[in-house]
Amino acid sequence: MSSSANQSPMTVAERLSHIAYQDAVPPTARIAVIDIGSNSVRLVIYGKNGAYPAPLFDERSNCRLGAGLDETGMLASDRIAVALETLARFAAIIRAMKVDSCYPVATAAVRRAGNGDEFRRPAEIILGQPIQVLSQQEEATHVARGLTLNVPEASGLVADLGGGSIEIVALKKGEIRHSVSLNYGHLSNADEAEIIAAFTQIGWIKSFAAKQLFGVGGSFRALGLAFIGREDYPLPVLHGLKISSEMAMTLCDDFIQPDSALDGVPMARQRTMPMAAKIIRALVDIAAVRRVVVSGTSIRDGVVAINELNETQRADFLVAISQEIAGAGGRFVGVSDALKQFLQPLTIGRKPGFARLLDVACNLADMCWHEHSDMRGDLAARRVLGLPVNCMTHKERIWLAMVLYHRYVGLKQNKPHPEEMDSLLRAKRRGEALTVGLALRFALIFSAGTCESLKNIRLECQPDVMQLHIDPSVRGLFDSHCQRRFVDFAASANCSTEVIYD
């Protein structure tokens, strides 16, 4: 017998000391995008160990590389120095994180400047690789792909307002119909009449008859922040924020006034916001859109989509992300799929969008299961509201937050919850969220969150009656408490109950 057989078992502490901890996202799954714009230089490092490239690191430096470009046609030497210093830091971070692939791209400032190579050549030495200077057409395409990666069926105009240019794209159900890039940005000093004339000459901006304008870039985000602050909007998430064209025009009118306090606009944007407002106002007016939708997407999303993702991976990101959350944080394998199968009858007679959100809710159903029982509903709802993704609307966030809240809390009235949950949704949609939350609560408590027990019950929705079919093998799980939860679930859908033992 070996000597090791006589050794006493390791303690928990000793076993933990033997674990070789690994990075959650391995180096071979890390990609970096460096976006060298007229106003800022930005590094985003993504983890790509699933279908969704999740940001691991995001840093921006306002280098103002394109400052004064309109007057001189050249990049200022001091601005070049600041941008190169920033790139040196970014290069060090990329090396430290052992990034697998890096995509540096430059836009209007480097493209337009007569001395662009004075920046590009030393920048490429610092990074150890070429920088892709995007053409106007390429830049517009990247902007559009960044949006449709997260909003695949987007229709309307997309405008990416940067420091030195604005890219405008017309989309119909995710397909590019028209695009143009014009040398007007928030660092420009052009007269508003000149901007209006330039937009008017692009006939399709008006004739496309878009209902909405997706605003990309820091100026549109600043517009959104001002709207949230002034209107006391309930959900402080910029992506997906909808502002009526009338309100957008009112905000822009105020920003342009010489004595404007620029309330709500971040300090870093206040100097350039009047110019940005002139451009936004002209575009909204000429395009005659009904609303401005603030987008959290960017050219960087387009770079990732074009270089890293195949057609399968460009599927519904919200579903993909929720599946990854289920796989990483769920208690038991296969439960989310079993929940979908059990709750599928709820989709009968409803729009496809409901079925999609129901699938997502089933994937998220175990989110925060490990938190304190008094706080799970509140924390799960807040997690949904704060998911760092650009693939769901504000109403979808709140709907899913309500579902997760009621999945843990049920009908209790004395539990904490996010105030945002009480906003934006109509009564019908709130009722749907309550029903799905109570359905998940019943199913997961009945089955103790395990897959096999869920497979032995079946739901059938008759007019005004909710039937529950229970296999005899799990009859013992259906106690009086589970029966009450089933009744609550059915009542929320205005149904009576019938239990059938098959």
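The values are calculated or read from the model by the stated rules, or taken from the named source; none is laboratory data. Worth saying up front: this structure is predicted, and the values here are computed from it rather than measured. All Cβ positions, glycine included, derive from the backbone under ideal geometry; neighbour counts span all protein chains shown. Quick note on the areas: whole protein, heavy atoms, side chains included, nothing else; ligands and nucleic acids left out. Shrake-Rupley method; radii C 1.70, N 1.55, O 1.52, S 1.80 Å.
Could you rank Thr450, Thr86, Thr200 by how accessible they are, 1.4 Å probe, largest area first?
Working: Thr450 45, Thr86 15, Thr200 85 Å².
Largest accessible area first, the list is Thr200, Thr450, Thr86.
Quick check: the angle from helix 317-329's long axis to the longest principal axis of the chain, C-alpha only, nearest 10 degrees?
The angle comes out at about 50 degrees.
DSSP loop (so not H, G, I, E, B), at most 16 other Cβ within 10 Å: list which trypsin sites (Lys or Arg not before Pro) in region 351-436 pass both filters.
Numbers: sites: Arg356, Arg376, Arg382, Arg383, Lys395, Arg397, Arg407, Lys412, Arg426, Lys428, Arg429, Arg430; in loops: Lys412, Arg426.
Sparse-neighbourhood loop trypsin sites (Lys or Arg not before Pro): Lys412, Arg426.
For the full complex of protein chains and a 1.4 angstrom probe, list Thr272, Thr28, Thr141 by accessible area with the highest value first. Present the calculation step by step, with values, prior to reporting the outcome.
On the way: Thr272 10, Thr28 110, Thr141 45 Å².
Per-residue accessible area, sorted high to low, gives Thr28, Thr141, Thr272.
Residue by residue through region 434-440, which ³J(HN,Hα) values in whole Hz follow from phi under the Karplus form 6.51 cos²θ - 1.76 cosθ + 1.60 (θ = phi - 60°), with glycine and proline marked x?
4, 4, 5, x, 5, 5, 5
Would you please classify the overall shape of region 253-364 from the alpha carbon gyration tensor, given that a ≥ b ≥ c denote the square roots of the eigenvalues, rounded means a/c under 1.5, and beyond that prolate means a/b larger than b/c while oblate covers the rest?
It comes out prolate by the Cα gyration axes.
Can you send over the carbon and sulfur percentage of the accessible area for the chain, probe radius 1.4 Å, protein chains only?
On the way: 11670 of 22830 Å².
The nonpolar share, carbon plus sulfur, comes to 51 percent.
Based on DSSP, what percent of beta bridges with both residues in the chain are antiparallel, to the nearest 5?
Working: 36 of 58 bridges.
In the chain, approximately 60 percent of DSSP beta bridges are antiparallel ones.
Let me check against my output: what whole-number percent is the relative contact order of the chain, with C-alpha pairs under 8 Å and at least 6 apart? The partial results should precede the final answer.
On the way: 878 pairs, mean separation 53.1, N = 502.
Relative contact order comes out at 11 percent.
Restricting attention to region 335-389, which chymotrypsin sites (Phe, Trp or Tyr not before Pro) occupy a DSSP loop and are surrounded by at most 12 other Cβ atoms within 10 Å? All intermediate terms of the calculation are to be shown ahead of the outcome.
Numbers: sites: Phe342, Phe354, Trp369; in loops: Trp369.
Counting only loop positions with at most 12 other Cβ atoms within 10 Å, none of the chymotrypsin sites (Phe, Trp or Tyr not before Pro) in region 335-389 qualifies.
With every protein chain kept in place and ligands, DNA and RNA left out, what is the accessible area per residue of the chain? Probe 1.4 Å, answer in Å². Could the numbers behind the result be given before it?
Numbers: 22830 Å² over 502 residues.
For the chain, the per-residue accessible area is 45 Å².
Given a cut-off of under 8 Å on Cα pairs at least six residues apart, what relative contact order in percent is computed for region 462-502? If you can, show how the numbers build up before the last one.
Working: 40 pairs, mean separation 27.7, N = 41.
With pairs under 8 Å counted, the relative contact order is 68 percent.
Taking loop as defined by DSSP and a crowding limit of 16 other beta carbons within 10 Å, which trypsin sites (Lys or Arg not before Pro) in region 225-319 fit? The partial results should precede the final answer.
Details: sites: Arg230, Lys242, Arg269, Arg271, Lys278, Arg281, Arg290, Arg291, Arg300, Arg314; in loops: Arg271, Arg290.
Within region 225-319, the qualifying trypsin sites (Lys or Arg not before Pro) (loop, at most 16 other Cβ atoms within 10 Å) are Arg271, Arg290.
Apply the a/c threshold of 1.5 to the C-alpha gyration tensor of region 208-281 and tell me whether it is rounded, prolate or oblate.
On the way: a/c = 1.58, a/b = 1.18, b/c = 1.34.
Because a/c hits 1.5 or more and a/b fails to exceed b/c, region 208-281 counts as oblate.
Under a Cβ-only charge scheme (Lys and Arg +1, Asp and Glu -1), can you give me the dipole magnitude of the chain about the Cα centre, in debye to the nearest 20?
On the way: 54 positive and 54 negative charges, 131 e Å.
The dipole magnitude comes to about 620 debye.
Helix 192-201 versus the longest principal axis of the chain: what angle, 0 to 90°, nearest 10, using Cα atoms?
Between the helix axis and the principal axis of the chain, the angle is about 70 degrees.
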